[in-house]
Amino acid sequence: MSKPITSFVGLDAHADSIAIGVAPSGRQEPHFVGTVSAQSGSLSKALSRLGKPEALQIVYEAGPCGYTLARQLQAYGYACQVIAPSKVARRPGDRLKTDRRDALLLARAARAGELVSVTIPDERDEAIRDLCRAREDAVRVRLKARQQLMAMLLRHGRRYSGRSSWTEAHERYLAAVNFTKPAQDIAFAENRSAVREAHERVERLTESMRAQLEHWRLRPLVEEFMTLRGIDMVAAMTVVAEIGDFTRFARPRELMGFLGLVPSEYSSGPKRTQGQITKPGNSHARRILVEAAWNYRFPARMNAILQRRQDSQPKGA
């Protein structure tokens, strides 16, 4: 039988410091404990003064510090949840934001049961996610390098008349380009080199993703995803790495709500107004699904995949 929670602890975590606020169970006003360094030893020492690990419920907002803090606290025996920042209720008129206030707000909201936690991924899955995001970053760098190269050509009246850019024909055209000034030739050569290096980086990361997929525990789900029209290996791996095995979603409607792919709404009385999609949740997965999903009867196909995933789970899991 688990022991009752006696204190709810809110952490405002940063790279170098962690602010600690505590809300005792009951109706007592939360109080601020202090600020400690981000080292696990300092935090563990401060938490030990608040009670035994099984009597504390610890929360902190998801952010750039990732899930390392949650895993460290769980290793010490603490119950720790990572909270979705977009779901934390804040007063519209509140214009003061400090580490102390944020820690107390989290502690108070945790005691009231008003927080929504995010799923802490398996470390193996998080490693694949880091690889997928590295490729996504490389694609953005390649796009920027290509834009800079094409902008230089446009400034000097060089317009490519072919059908598609960055093909073999386009590369032959770029190889024949020369300028009247040596400095411009140097700048153009450097831009071409940047494009080439960025493209090679994307290709290396793509091959690394393909190699890692062979040994990933979620490979069957990725392969099932790839049967959807418009979803290739890169897109399927990215979506699965960002969301997980999908067993927490009973139907596509829940997944679309989680990703923010549902219209916003402001209704009052008989008037109903719907706007753009809400866009909470994971932007990486949402981008892929927006690009590839809606044109190919995606909800119906996703429903079949989710149903199979639910049926494959053991009863009571």
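The values are calculated or read from the model by the stated rules, or taken from the named source; none is laboratory data. The shown structure was predicted, so the numbers you read here are calculated from the model rather than taken from an experiment. Quick reminder, even Gly has a Cβ in these numbers, built from the backbone with ideal geometry, and neighbours come from all protein chains shown.
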Top-ranked residue of the stretch 28-51 - restricted to ones that are among the polar types (S, T, N, Q) and in a helix (DSSP H, G or I), ranked as farthest from Q74 (Cα to Cα): S42
Whether any residue in the stretch 98-105 is among the charged types (D, E, K, R) and within 23 Å of the chain's Cα centre (by Cα) is what I want to check. yes
Step by step: first the residues of the stretch 1-53, then only those that are β-branched (V, I, T) and under 26 Å from the mean Cα position of the chain (by Cα), then the one that is surrounded by the most Cβ atoms within 10 Å (Cβ to Cβ). Which residue is that? V9
Could you please give the count of residues in the stretch 244-260 that are of a type outside the set (S, T, Y) and over 14 Å from L289 (Cα atoms)? 8
Among helices (runs of 4 or more DSSP H) completely within the stretch 230-313, the ones holding 3 or more residues that are modelled with pLDDT under 85 and either in the same structural domain as E203 (by TED's automatic domain parsing) or surrounded by fewer than 16 Cβ atoms within 10 Å (Cβ to Cβ) (or both) are 252-259, 298-312
Of the conditions (1) assigned to a helix (DSSP H, G or I); (2) closer than 24 Å to R140 by Cα; (3) touching a residue at least 12 places away in the same chain (Cβ under 8 Å), R204 clears all except one; give me its number. (3)
Quick check on G63: is it outside the structural domain of R248 (by TED's automatic domain parsing), part of a loop (DSSP other than H, G, I, E, B) and either touching a residue at least 60 places away in the same chain (Cβ under 8 Å) or within 26 Å of the chain's Cα centre (by Cα) (or both)? yes
